[in-house]
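A.B. asks: This is the structure I want to talk about, given as structure tokens.
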Amino acid sequence: MSTRRQFLTQSAIAGGALLCSRPRCLYAANRSPTLRFPSQPRERIAIASYPFRNFIVGEENKSPHPIELKDFAAHVVEKFNINKIEPWTGHFPSPDPKYLNDFRAALEQAKAAVINIAVDGEHSPYALDRSEREQAIAFSKRWIDAAAAIGAPSVRTNLPAAKDAKADLNRTIESLKRVVEYAEVKNVVVNLENDNPVSEDPFFLNQVIERVNSPWLHALPDFGNTLLSSADPERAYKGVDAMFGHAYCISHVKDGETDEKGKSVKVDLARTFGFAKAHGYKGYFSMEFDRPGDPYSGTKDLIEKTIRYLS
């Protein structure tokens, strides 16, 4: 969503020890990640922090009793009986090692894990300005360090629009190769999500993933984003289907979506879960309720629907 791009985390992040509760990852001789995913439907579900932005401490918080991000996992366990979360970078109050250590300790106490960090920066990896591209690369690397520090096996990095250029495939590939090479060293998978309709169009992302050609770069199919931004629903569904062909560890479940102008779409969940099944997708499904209304009841409903489709 475009509102995400307004919130940025500036500071560098130091790496650290991995959580014992992270999904176990084995690394083959060719350095390919091999995550062991659970098979039970409820165990494959995570809760994204972004839908709860009005309740988590941050610029959008409107709650008289806001939740600290480090306490979000325990909150999710209590409210939804789910022990996996997907925090958004806009919700991290501090990126310093002390906060990350506290965050990791809170996860361990809650017997929970982070399965992905949703990373949103403002610098474009395909800008004509080389310094702009360097800043984009550095930003992604900092959050890869954060993932390693808190035990997350992957990050989703975004591809913001450039002020000085149209979406450029070659420059995007050049930048992401460097990000992915760094991620491999840190044992962290990088994911690309179909979000903004220009540089995060699913067919553009698939080209990037295929050209980078690394087992450490994958797609994060979002059920609703492309459907909301596209004038052609059939093309949108084909794009999500194609993304599941490159998906590995994380996807975003929505049953509908509404933008800032009030435009709404409804997601055909049966069809979209069918794409995941057809491609043999074994990864996680992160609940990302993104319509007007209570995110608690909306998320509970998404969980129930997801379990039904995965059973």
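The values are calculated or read from the model by the stated rules, or taken from the named source; none is laboratory data. A quick note: this is a predicted structure, and the numbers were derived from the prediction, not measured. Cβ atoms come from the backbone with ideal geometry, glycine included; neighbour counts cover every protein chain shown.
A.B. asks: Regarding D222, is this residue charged (D, E, K, R) and within 18 Å of F203 (Cβ to Cβ)?
C.D. replies: Yes.
A.B. asks: Follow-up. Select from segment 200-242 the residues that are β-branched (V, I, T) and farther than 18 Å from K177 by Cα and list them in ascending order.
C.D. replies: Initial filter on segment 200-242 (β-branched (V, I, T)): 208-209, 212, 226, 240.
Scanning segment 200-242 gives T226, V240.
A.B. asks: Tell me which of these V76 doesn't satisfy, since it passes every other one: (1) part of a loop (DSSP other than H, G, I, E, B); (2) surrounded by 19 or more Cβ atoms within 10 Å (Cβ to Cβ).
C.D. replies: Evaluating V76 over (1) part of a loop (DSSP other than H, G, I, E, B); (2) surrounded by 19 or more Cβ atoms within 10 Å (Cβ to Cβ) leaves (1) as the failure.
A.B. asks: I would also like to ask the following. Condition check: assigned to a loop (DSSP other than H, G, I, E, B), of a type in the set (D, E) and surrounded by fewer than 21 Cβ atoms within 10 Å (Cβ to Cβ). Does E108 satisfy that? Full working, then the answer.
C.D. replies: On the way: assigned to a loop (DSSP other than H, G, I, E, B): no; of a type in the set (D, E): yes; surrounded by fewer than 21 Cβ atoms within 10 Å (Cβ to Cβ): yes.
Spelling it out, it is not the case that E108 is assigned to a loop (DSSP other than H, G, I, E, B), of a type in the set (D, E) and surrounded by fewer than 21 Cβ atoms within 10 Å (Cβ to Cβ).
A.B. asks: Among the residues of segment 260-283, count how many are surrounded by 15 or more Cβ atoms within 10 Å (Cβ to Cβ) and either outside any helix (DSSP H, G or I) or in contact with a strand residue (DSSP E or B) (Cβ under 6 Å, 6 or more places away or on another chain) (or both).
C.D. replies: Residues meeting the conditions: 6.
A.B. asks: When you check F80 against the structure, is it modelled with pLDDT of 95 or more, aromatic (F, W, Y), farther than 18 Å from V189 by Cα and under 19 Å from the mean Cα position of the chain (by Cα), yes or no?
C.D. replies: Details: modelled with pLDDT of 95 or more: yes; aromatic (F, W, Y): yes; farther than 18 Å from V189 by Cα: yes; under 19 Å from the mean Cα position of the chain (by Cα): no.
The answer is no for F80.
A.B. asks: Considering only segment 136-154, state which residues are β-branched (V, I, T) and closer than 16 Å to I250 by Cα. Steps first, answer last, please.
C.D. replies: If we filter segment 136-154 for residues that are β-branched (V, I, T), which is where we start, we get 137, 144, 150.
Answer for segment 136-154, where residues must be β-branched (V, I, T) and closer than 16 Å to I250 by Cα: just I144.
A.B. asks: In the list A118, A183, A167, A148, which residue meets the criterion of being within 24 Å of P221 (Cβ to Cβ), among the small types (G, A, S) and touching a Lys or Arg at 6+ places or on another chain (Cβ under 7 Å)?
C.D. replies: Numbers: A183 fails: touching a Lys or Arg at 6+ places or on another chain (Cβ under 7 Å); A167 fails: touching a Lys or Arg at 6+ places or on another chain (Cβ under 7 Å); A148 fails: within 24 Å of P221 (Cβ to Cβ).
The unique qualifying residue is A118.
A.B. asks: Follow-up question, since we're still on this one. Being of a type in the set (S, T, Y), closer than 24 Å to F37 by Cβ and either at pLDDT 95 or above or surrounded by fewer than 23 Cβ atoms within 10 Å (Cβ to Cβ) (or both): is that true of S286 here?
C.D. replies: Working: of a type in the set (S, T, Y): yes; closer than 24 Å to F37 by Cβ: yes; either at pLDDT 95 or above or surrounded by fewer than 23 Cβ atoms within 10 Å (Cβ to Cβ) (or both): yes.
Considered against the rule, which asks whether it is of a type in the set (S, T, Y), closer than 24 Å to F37 by Cβ and either at pLDDT 95 or above or surrounded by fewer than 23 Cβ atoms within 10 Å (Cβ to Cβ) (or both), S286 comes out as yes.
A.B. asks: Kindly provide the set of residues from segment 172-231 that are within 15 Å of R31 (Cβ to Cβ) and not in a loop (DSSP other than H, G, I, E, B), ordered by number.
C.D. replies: In the first step, residues of segment 172-231 are kept if they are within 15 Å of R31 (Cβ to Cβ); the result is 177, 180-190, 212-218.
Matches in segment 172-231: K177, V180, E181, Y182, A183, E184, V185, V189, V190, V212, L217, H218.
A.B. asks: Which of the residues that make up segment 117-136 are farther than 27 Å from K70 by Cα, small (G, A, S) and assigned to a loop (DSSP other than H, G, I, E, B)?
C.D. replies: Of everything in segment 117-136, those that are farther than 27 Å from K70 by Cα, small (G, A, S) and assigned to a loop (DSSP other than H, G, I, E, B) turn out to be S124, A127.
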